[in-house]
1. Just to be sure before I move on: is residue 64 in contact with a strand residue (DSSP E or B) (Cβ under 9 Å, 6 or more places away or on another chain), assigned to a helix (DSSP H, G or I) and free of Cβ contacts under 8 Å to residues at least 12 places away in the same chain in the structure I sent?
2. I'd like the full set of residues that are surrounded by 10 or more Cβ atoms within 10 Å (Cβ to Cβ) and among the hydroxyl-bearing types (Ser, Thr, Tyr), limited to the stretch 1-33.
3. Has the stretch 105-117 got at least one residue that is outside any strand (DSSP E or B) and either within 13 Å of residue 69 (Cβ to Cβ) or modelled with pLDDT of 95 or more (or both)?
4. Taking residue 42, is it outside any loop (DSSP other than H, G, I, E, B) and touching a Lys or Arg at 6+ places or on another chain (Cβ under 8 Å)?
5. Given the criterion crowded, with 16+ Cβ neighbours inside 10 Å, at pLDDT 95 or above and under 30 Å from residue 120 (Cβ atoms), identify the matching residue among 77, 86.
6. If residue 70 satisfies all but one of (1) over 30 Å from residue 148 (Cβ atoms); (2) surrounded by 12 or more Cβ atoms within 10 Å (Cβ to Cβ), what's the number of the condition it fails?
7. Please work out which one of (1) modelled with pLDDT of 95 or more; (2) more than 15 Å from the chain's Cα centre (by Cα) is the condition residue 49 fails and give its number.
8. Scan the stretch 81-96 and tell me whether some residue there is without any contact (Cβ under 8 Å) to a residue 60 or more places away in the chain and under 28 Å from residue 3 (Cα atoms).
Amino acid sequence: MSKRHAYAVQIAWRDPDGAGTRSYTSYRRDHVISVAGKPQIAASSDPAFRGDEQRYNPEELLVASLASCHMLWYLHLCAVDGICVLEYRDAAHGVMEEVAGGGGAFVAVTLNPQVRIAPGADRERAVALHAQAHGMCFIARSVNFPVHCEPQVVT
């Protein structure tokens with residue numbers, strides 16, 4: 001039996017200068033991402049595309065979504081398997097390639113989780129659970145580019 005889940009997200013953009021999109025260089029890329037009842041996310045485009053480097057861009061948020069989804073599945077699997085995770089960090093990295101004529105696509109994302117488990121926990125099993133988490137991750141299963149995982153597990 002399958003379940004469907006719906007996610008409502010609002011995006012709001014307004015040009016505070018009033019010039020609008022009269023030209024490619026005339027408008028700001030700053031916008032706000034919001035979900036009812038949650039703090040807003042200040043977003044923009046990548047600075048390479050005239051965005052504000054102080055704000056999150058969609059490419060960063062995609063990489064963050066992959067890393068976060070993997071982590072949440074991994075923590076779940078460890079909890080179910082009796083492996084006590086004490087700390088989890090990831091320095092995820094994504095690569096996007098532009099194509100001639102505009103546009104582009106991600107070609108790969110690499111997750112680099114660094115996990116600290118409790119003394120006495122099964123390190124080999126803790127490493128192996130990353131593959132299972134990857135197979136369960138909703139976001140990784142939804143993208144059309146490879147998502148690699150290079151975990152490090154220590155006690």
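1. Values: in contact with a strand residue (DSSP E or B) (Cβ under 9 Å, 6 or more places away or on another chain): yes; assigned to a helix (DSSP H, G or I): yes; free of Cβ contacts under 8 Å to residues at least 12 places away in the same chain: no.
So residue 64 does not fit the description; no.
2. 26, 27
3. The first filter runs over the stretch 105-117 and keeps only residues outside any strand (DSSP E or B), leaving 112.
Checking the rest, the ones that are also either within 13 Å of residue 69 (Cβ to Cβ) or modelled with pLDDT of 95 or more (or both) come to 112.
Checked against the condition, which is being outside any strand (DSSP E or B) and either within 13 Å of residue 69 (Cβ to Cβ) or modelled with pLDDT of 95 or more (or both), the stretch 105-117 yields at least one hit.
4. On the way: outside any loop (DSSP other than H, G, I, E, B): yes; touching a Lys or Arg at 6+ places or on another chain (Cβ under 8 Å): yes.
The answer is yes for residue 42.
5. Working: 86 fails: crowded, with 16+ Cβ neighbours inside 10 Å.
Result: 77 is the single residue among 77, 86 that is crowded, with 16+ Cβ neighbours inside 10 Å, at pLDDT 95 or above and under 30 Å from residue 120 (Cβ atoms).
6. Of (1) over 30 Å from residue 148 (Cβ atoms); (2) surrounded by 12 or more Cβ atoms within 10 Å (Cβ to Cβ), only one is false for residue 70: (1).
7. For residue 49, the failing item is (1).
8. From the stretch 81-96, those without any contact (Cβ under 8 Å) to a residue 60 or more places away in the chain are 81-96; that's our starting set.
Subsequent filtering for residues that are under 28 Å from residue 3 (Cα atoms) retains 81-82.
Within the stretch 81-96, one or more residues are without any contact (Cβ under 8 Å) to a residue 60 or more places away in the chain and under 28 Å from residue 3 (Cα atoms).
The values are calculated or read from the model by the stated rules, or taken from the named source; none is laboratory data. Small disclaimer: the values here were computed from a predicted structure and weren't measured. In this analysis, Cβ positions are derived from the backbone assuming ideal geometry, glycine residues included, and neighbour counts consider all displayed protein chains.
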